[in-house]
Amino acid sequence: MLIARGAAEVTILVPRDKLTSAVKAILESGAFHPKPIEAGEEAATEKGQVQRLLSEAENLAQRIRAYLTSVGELPEPGEAHLGEVRDWVSKAEEVIREAEELDSKLDPVLKKLTELRTPGSELAEAAEVAKAYSWLDFDLSQLRDLKHLRVRLLRVPHRHVERFVKLAEEEPIYVIVAEDYEPLNALVIAIYPEEYEVVINHLAGETDASEVVLPSNIPQNLAKAAEHFAKLEEELVEEIKRNVPKLKELLAKLLTVREALRVLLGSLETRLFTVLSGYVPHNEVKKFANMVVEATGNTAIVTASGYVRMEEEVETPAIVKVPKPLKPFEMLMSSYGFPRPRAVSPLILMAITFPLIFGMAFPDLGHGLVLFLLGLYMRKRGEFLGFARGEGVRQLGTLLLYLGFTAMVFGFLAAEFFGPLTSEWLIHLWCSMGYDKPPYATPLYAAHVLHSFEELSKEMGPIQALNAICPALAQKVLEELGPNPAPEQVKHFVEAYVGANIMTTAVYFSMYVSLLLGTLLLTLTSIFGLYTYIVMGEKAEAVVSGLSKTLIFGGVFIAFLSSLAFLPRDAIRLSGYLLALTAGLTEVGGRNVAESLSELVRMHGGDPGIYLGLIQPLMALMIYSGLAIAFIGKIVETVHHGGGIGAALGNAALELFDLLLIAMGNTLSFLRIFALALAHSSLMYGFYAISLLAGPALPIIYVLANLLVIGMEAIVAFAHTLRLHYYEMFSKFFFATGKPFQPVRAYARIG
């Protein structure tokens with residue numbers, strides 16, 4: 001799974017009268033990826049029929065999937081028996097004719113059903129109106145036969161109802177208004193003398209009103225029309241459902257002949273033989289050859305190539321074995337591209353880091369639980385809100401399970417559960433274990449503590465208030481101020497301690513963790529890139545890009561890794577000192593960097609000599625070596641390709657500048673994890689503050705706020721997690737120029 005495997009190029013020479021049997025064996029093996037064979041103009045003309053049938057089979061398969069989806073069925077093939085096959089082209093024509101017959105029968109049904117369900121269509125709008133006003137049980141056509149009086153039913157947008165009524169009152173027009181039956185419109189029944197028809201038309205135009213009109217071919221009674229539309233949809237759905245078994249059977253047959261046609265499309269025919277070409281996994285070549293030879297009565301000849309160099313494998317499909325639990329990540333990977341044979345596949349890395357980064361950026365136990373339950377529903381039902389169905393929805397559901405779980409884990413570590421209003425129990429849980437803040441708390445935790453302390457102190461003593469919020473914090477106060485501190489002392493200490501310690505620690509810890517993870521992943525992906533360049537035979541790029549980036553990001557990673565023991569507060573400071581010294585800065589903010597580093601290390605009981613005499617020089621050696629290798633390597637590469645010394649120096653300078661930008665930009669880009677987590681907490685805290693002002697409406701506002709934040713922040717966190725993978729990580733090693741191994745297979749029993 002980490003390294004994409006190549007496939008052996010297989011050539012099959014089979015007598016023409018045994019071609020049908022050979023193709024059957026190929027389909028049943030499920031191991032053959034067809035490869036088109038270059039042929040002359042005459043052969044290309046002969047393939048025209050195969051190509052046409054292939055397109056027709058695929059189009060009909062898509063049509064059948066549409067029928068199945070329209071009635072809530074999964075668009076998957078069912079059990080089917082293709083019967084005896086004497087000639088695959090004839091069998092394809094037979095199956096296509098059978099599918100076309102059923103398609104011609106169901107096509108009007110699907111069109112009518114689609115029109116009935118498509119918002120904005122005439123039929124759908126009529127059905128919507130009839131359903132909304134089904135309580136009006138009279139014939140609309142009778143209103144047109146009245147003498148002297150006119151009655152019209154108008155749908156007026158809610159924003160214009162008051163204006164319509166006001167204008168109508170100025171004329172001899174009597175109106176009845178019925179609201180709350182449609183989300184955007186109200187029903188206005190206007191009764192007026194016939195000579196005021198022009199006035200009503202003018203009112204309708206000024207207020208964007210539309211008349212309630214039903215198609216002439218349905219009952220003109222709204223109550224009966226609603227029943228008609230409901231019955232019509234039921235009948236249309238039932239008509240398609242009656243054919244579901246046949247549709248699934250035909251889908252299996254169509255997919256099977258489609259696969260056979262794929263094989264034939266890549267064949268080359270001579271007078272006596274047919275040549276088939278394709279790819280088979282190296283470890284399955286022997287078994288595959290035996291199946292084909294046996295199926296053709298020992299008349300076929302199967303030959304296979306050995307391994308070839310990676311740079312020669314551009315056309316060779318790559319095989320990435322994907323366990324079922326990791327299928328969702330294959331979906332994400334394939335949207336970027338596919339690895340070449342023997343290149344590093346990002347699948348395993350993505351399966352680990354994608355949920356991890358998403359969880360860090362979306363830390364809420366409750367919100368993660370919502371995503372987890374939604375994923376569970378989608379995986380079990382194979383549908384999403386009744387719109388999307390199929391295996392893709394199940395895979396998305398599985399992905400939401402992973403993302404929801406990691407969000408729950410980091411939400412637990414951050415003591416976030418549907419925002420501040422319902423997170424008190426989690427805070428108490430961490431405080432009962434001796435923590436004055438949850439391990440992954442955001443800076444908003446400190447703001448919440450201060451706000452709660454201020455409110456509770458009005459009702460009870462400050463120590464009692466602290467005990468109610470966080471017993472560990474109350475214990476800290478008593479340890480610092482003694483057993484009976486004055487209320488003002490407690491207040492000042494809490495404000496200073498929470499602001500200067502808890503809030504600062506939360507900021508520093510979250511930033512450090514984001515950057516530590518980022519530098520680790522950038523180093524790892526740079527190593528993957530170095531390996532990829534080597535196996536591709538691109539020696540210059542291996543040195544100039546792969547090795548230099550590995551050294552530079554490795555040096556930066558050492559700065560953060562060596563600071564791990566200084567968590568939670570001072571790790572980011574020590575990392576900053578090490579990087580500042582490596583960059584040649586001796587003073588920052590008027591303070592000597594080396595002295596500040598030594599003071600910090602001694603404060604934690606460490607030896608400054610290890611950092612100043614070993615770790616920082618090692619970092620400098622790696623980073624500057626990486627820059628030097630890139631600079632010199634670019635000069636050598638340019639000169640080697642015939643460039644002058646001026647061009648070589650210019651290219652080298654640009655390469656150096658580009659590397660520095662990448663090193664800084666890619667590293668700092670991982671701070672978006674911290675920023676997203678902070679934004680998530682800030683939004684919930686903001687909505688919490690708003691809901692406190694809402695009085696009795698607090699529960700409604702708070703629930704709606706949670707739904708809004710879940711939807712909005714989940715999408716934003718997902719997008720940024722995807723961006724970190726696609727841009728910061730994949731760009732180092734994943735060139736996405738490969739082709740996936742897609743073997744043909746039999747979806748129906750043959751023979």
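I'd like to check something: does region 219-240 contain any residue that is in a loop (DSSP other than H, G, I, E, B) and more than 43 Å from the chain's Cα centre (by Cα)?
yes
Being more than 15 Å from residue 204 (Cβ to Cβ) and either in contact (Cβ under 8 Å) with a residue 60 or more places away in the chain or not aromatic (Phe, Trp, Tyr) (or both) is the filter here; which residues of region 160-185 pass it?
Matches in region 160-185: 162, 169, 170, 172, 176, 178, 179, 180, 182, 183, 184.
Can you say whether residue 550 is polar (S, T, N, Q) and surrounded by fewer than 23 Cβ atoms within 10 Å (Cβ to Cβ), as far as the supplied structure shows?
When the stated conditions are applied, residue 550 does not pass them.
Name the residues in region 197-215 that are more than 16 Å from residue 145 (Cα to Cα) and not β-branched (Val, Ile, Thr), would you?
Within region 197-215, 201, 202, 203, 204, 205, 206, 208, 209, 210, 211, 214, 215 qualify.
I need a count of the residues in region 401-423 that are modelled with pLDDT of 90 or more, of a type in the set (Gly, Ala, Ser) and within 11 Å of residue 366 (Cβ to Cβ).
Total satisfying the criteria: 3.
This table checks each residue for (1) crowded, with 21+ Cβ neighbours inside 10 Å; (2) in contact with a Cys (Cβ under 7 Å, 6 or more places away or on another chain); (3) among the aliphatic types (A, V, I, L, M); (4) free of Cβ contacts under 8 Å to residues at least 60 places away in the same chain.
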| residue | (1), (2), (3), (4) |
| --- | --- |
| 431 | yes, yes, no, yes |
| 446 | yes, no, yes, no |
| 478 | no, no, yes, yes |
| 481 | no, no, yes, yes |
| 484 | no, no, no, yes |
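Give region 339-369 a look and list any residue that's under 12 Å from residue 717 (Cα atoms) and outside any helix (DSSP H, G or I), or say none.
362, 363
Among the residues of region 12-29, what is the count of those that are in contact with a Phe, Trp or Tyr (Cβ under 9 Å, 6 or more places away or on another chain) and without any contact (Cβ under 8 Å) to a residue 60 or more places away in the chain?
Summing the residues that are in contact with a Phe, Trp or Tyr (Cβ under 9 Å, 6 or more places away or on another chain) and without any contact (Cβ under 8 Å) to a residue 60 or more places away in the chain in region 12-29 gives 0.
Would you check if residue 648 is buried (at least 17 other Cβ atoms within 10 Å of the Cβ) and part of a helix (DSSP H, G or I)?
So residue 648 fits the description; yes.
For residue 669, which of the numbered conditions (1) under 19 Å from residue 441 (Cβ atoms); (2) of a type in the set (Ser, Thr, Tyr); (3) surrounded by fewer than 21 Cβ atoms within 10 Å (Cβ to Cβ) fails to hold?
(1)
Within region 595-626, which residues are farther than 16 Å from residue 558 by Cβ and either outside any loop (DSSP other than H, G, I, E, B) or touching a Lys or Arg at 6+ places or on another chain (Cβ under 9 Å) (or both)?
595, 596, 598, 599, 600, 602, 603, 608, 609
Going by the structure shown, is residue 629 modelled with pLDDT under 95, part of a helix (DSSP H, G or I) and touching a Ser or Thr at 6+ places or on another chain (Cβ under 6 Å)?
yes
Scan region 652-666 residue by residue and report those that are crowded, with 19+ Cβ neighbours inside 10 Å and of a type in the set (Gly, Ala, Ser).
652, 663
Among the candidates 65, 97, single out the residue that is more than 22 Å from residue 270 (Cα to Cα), without any contact (Cβ under 8 Å) to a residue 60 or more places away in the chain and either surrounded by 19 or more Cβ atoms within 10 Å (Cβ to Cβ) or over 38 Å from the mean Cα position of the chain (by Cα) (or both).
After applying the criteria, what remains is 97.
Among the residues of region 293-310, is any part of a helix (DSSP H, G or I) and crowded, with 21+ Cβ neighbours inside 10 Å?
Looking for residues that are part of a helix (DSSP H, G or I) and crowded, with 21+ Cβ neighbours inside 10 Å, one finds at least one in region 293-310, hence yes.
Can you list the helices (runs of 4 or more DSSP H) lying wholly within region 87-181 that have 3 or more residues being of a type in the set (A, V, I, L, M, F, W, C)?
In region 87-181, 88-117, 122-132, 158-169 are the helices (runs of 4 or more DSSP H) which contain 3 or more residues that are of a type in the set (A, V, I, L, M, F, W, C).
Going through region 716-751 one residue at a time, which ones are assigned to a loop (DSSP other than H, G, I, E, B) and either of a type in the set (Asp, Glu) or on the phi > 0 side of the Ramachandran plot (or both)?
736, 751, listed by residue number.
Read through the list (1) assigned to a helix (DSSP H, G or I); (2) more than 30 Å from residue 654 (Cβ to Cβ), then give the number of the only condition that residue 528 fails.
(2)
List every residue pair whose Cβ atoms sit under 9 Å apart, with the two residues 6 or more apart in sequence or on different chains, where the first one lies in region 186-199 and is assigned to a helix (DSSP H, G or I) and the second, anywhere, is of a type in the set (Asp, Glu) and surrounded by fewer than 16 Cβ atoms within 10 Å (Cβ to Cβ).
Listed pairs, sorted by first residue: 196/171; 199/171.
The values are calculated or read from the model by the stated rules, or taken from the named source; none is laboratory data. Note that this is a predicted model, so its numbers are computed, not measured. Quick reminder, even Gly has a Cβ in these numbers, built from the backbone with ideal geometry, and neighbours come from all protein chains shown.
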